[in-house]
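**Student:** My questions will all concern the structure given below.
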Amino acid sequence: MSRVLVIGCGGVASVAIQKCCQNESVFTELCIASRTKEKCDALKEKLEGKTSVKLTTAYVDADCVGEVVSLIKEYKPEVVLNLALPYQDLTIMEACLECGVNYIDTANYEPENTDDPKWREVYEKRCREKGFTAYFDYSWQWDYAEKFREKNLTAVLGSGFDPGVTSVFTAYAQKHYFDEIHTIDILDCNGGDHGYPFATNFNPEINLREVSANGSYWENGHWVETEPMEIKRTYEFPQVGEKDMYLLHHEEIESLAKNIPGVKRIRFFMTFGESYLTHMKCLENVGMLSTSPIEFDGKEIVPIQFLKALLPDPATLGPRTKGKTNIGCIYTGIKDGKERTIYIYNVCDHQECYKEVGSQAISYTTGVPAMIGTALVAEGIWDKKGAVNLEELDPDPFMDMLNQYGLPWVVEEHPMTVE
Ligand code: NDP
């Protein structure tokens, strides 16, 4: 029995909300709130009559702490599920803290304006001290840990697939398969095809920022940074086939390096096709990925936001996307004095997702874990206080719910490893 406020009503939220509606014993009342209220109303209309969950909608601008506070005070949820953009993480966390409500999200904070001098100062210090230059890092959200603990509240950070399920897989491997994990390779393969020469599977701005940034990995206690797409490998993915994949910086590397004792190396690889990479490079070269505003025809525009307006909305890719995703982690380490290697992964079919919830698999594989994390917090099964990443929590109930809610996983012993 719980009352949850969901902020954001895009591709991921649409799946998470539909999945909450399939889990009626936990979710009894849900408020869908976002900047464009019409989208919330349309989703409510689509679901009404098919679920016993009591749905309401609201307008909120989550960039404004005061607006989120007012909405929380009015709706009185037990948990706020943040499915807006990473830009809103801190304002929503701040509002949850003020109102004494638990918090959960799927993506690490990053600022909308990377030219903000106050943010830049902290960023540049971090680049020098830690050695990675991505625009996002956990320090901003981990700074809230003590405040959430003091108020006896839980903030769960990153309950999507990667981060999210990849962190839970790691906790599960640690709990059941290893005495010590030495290396972690996270492999994110999208074998789906939407038929467009270029489109992103989730919010274009966030996606393109992530992919065009320098790569990095964790080795022997420090970060090693690479040029974007510098490290390329090929892997034969179960149920998908052979794909090229590239090493990227990814947020869970930072938390896993902190939370998995004895880990020596953590890498993250994502598959990309030639067409995607060529388009992205070209757009980057002409300045279309820039987040700094420019003057155009007497108006100020942000190039990447203009690009977003031209690209297909990720939420519309569902009917056209065919093929499967395979996302998982390869672990090496020691169990009972012997070397061990395992691969834990999930395979998800784009068209099956579309049939079930009207979305492609990228939104599905993020929305399902967002619902599961929220259910575990709402039921008090995950009740560690502070601002915590998923590998710090008991993986078993989450792993059971992945099987139950559409993301079944496989543990393979002796898999092919990545050189
Ligand atoms: P979308 O762009 O489809 O949706 C974002 C939603 O947030 C929209 O409804 C948007 O409203 C709303 N929003 C944006 N700004 C505000 C604001 N200031 N106040 C209130 N609402 C706002 O994104 P996705 O659904 O694709 O992604 C959602 C989140 O999931 C992102 O943070 C993304 O990084 C994360 N993600 C995580 C993954 C993981 O595996 N961990 C994988 C994929 C995504 P409007 O309609 O007005 O634009």
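**Student:** Tell me, please, whether a residue that is farther than 23 Å from V156 by Cβ and in contact with a Lys or Arg (Cβ under 9 Å, 6 or more places away or on another chain) can be found in region 115-123.
**Tutor:** no
**Student:** Go through region 132-168 residue by residue and tally those that are within 13 Å of the ligand (Cβ to nearest atom), assigned to a helix (DSSP H, G or I) and among the aromatic types (F, W, Y).
**Tutor:** Qualifying residue count, region 132-168: 0.
**Student:** Any chance you could count how many residues in region 288-301 are touching a strand residue (DSSP E or B) at 6+ places or on another chain (Cβ under 8 Å) and surrounded by 11 or more Cβ atoms within 10 Å (Cβ to Cβ)?
**Tutor:** 3
**Student:** For A171, which of the numbered conditions (1) surrounded by 24 or more Cβ atoms within 10 Å (Cβ to Cβ); (2) outside any loop (DSSP other than H, G, I, E, B) fails to hold?
**Tutor:** So A171 meets the others, but not (1).
**Student:** Still on this structure, please answer the following. Is there any pair with a first residue in region 12-37 that is at negative phi and among the aromatic types (F, W, Y) and a second that is more than 8 Å from the ligand (Cβ to nearest atom) and assigned to a strand (DSSP E or B) whose Cβ atoms are under 8 Å apart and which are 6 or more apart or on different chains, and what are they?
**Tutor:** Between residues of region 12-37 that are at negative phi and among the aromatic types (F, W, Y) and residues that are more than 8 Å from the ligand (Cβ to nearest atom) and assigned to a strand (DSSP E or B), the close pairs are F27/S2; F27/V4.
**Student:** Give just the number: which of (1) surrounded by fewer than 24 Cβ atoms within 10 Å (Cβ to Cβ); (2) farther than 14 Å from Y144 by Cα does A107 not satisfy?
**Tutor:** Exception for A107: condition (1).
**Student:** So, of the residues in region 174-187 that are surrounded by fewer than 21 Cβ atoms within 10 Å (Cβ to Cβ) and in a strand (DSSP E or B), which turns out to be nearest to the ligand (Cβ to nearest atom)?
**Tutor:** The extreme case among them is T183.
**Student:** Would you be able to say whether some residue in region 235-248 is without any contact (Cβ under 8 Å) to a residue 40 or more places away in the chain and within 16 Å of the ligand (Cβ to nearest atom)?
**Tutor:** Yes, the conditions are met somewhere in region 235-248.
**Student:** Among the residues in region 29-40, are any among the aliphatic types (A, V, I, L, M) and surrounded by fewer than 20 Cβ atoms within 10 Å (Cβ to Cβ)?
**Tutor:** Among the residues of region 29-40, not one is among the aliphatic types (A, V, I, L, M) and surrounded by fewer than 20 Cβ atoms within 10 Å (Cβ to Cβ), which makes the answer no.
**Student:** Over 30 Å from K37 (Cβ atoms), crowded, with 22+ Cβ neighbours inside 10 Å and within 16 Å of the ligand (Cβ to nearest atom) - does that describe any residue in region 71-90?
**Tutor:** no
**Student:** Residues that are more than 25 Å from F161 (Cα to Cα), at least 2 per element: which helices (runs of 4 or more DSSP H) completely within region 1-118 meet that?
**Tutor:** 37-47, 65-75, 89-99
**Student:** Any idea which of V15, V26 is within 16 Å of the ligand (Cβ to nearest atom) and among the hydrophobic types (A, V, I, L, M, F, W, C)?
**Tutor:** V15 is the lone residue from the list that is within 16 Å of the ligand (Cβ to nearest atom) and among the hydrophobic types (A, V, I, L, M, F, W, C).
**Student:** Here are T114, T56: which of them is farther than 26 Å from E150 by Cα, in contact with a Cys (Cβ under 7 Å, 6 or more places away or on another chain) and not hydrophobic (A, V, I, L, M, F, W, C)?
**Tutor:** Just a single option satisfies the conditions, and that option is T56.
**Student:** Considering only region 230-244, I want to know if a residue exists there that is within 21 Å of the chain's Cα centre (by Cα) and either modelled with pLDDT of 95 or more or under 24 Å from G164 (Cβ atoms) (or both).
**Tutor:** Checked region 230-244: no residue is within 21 Å of the chain's Cα centre (by Cα) and either modelled with pLDDT of 95 or more or under 24 Å from G164 (Cβ atoms) (or both).
The values are calculated or read from the model by the stated rules, or taken from the named source; none is laboratory data. Model, not experiment: these values are computed from the prediction. With ideal geometry, Cβ positions are generated from the backbone for all residues, glycine too; neighbour counts draw on all protein chains shown.
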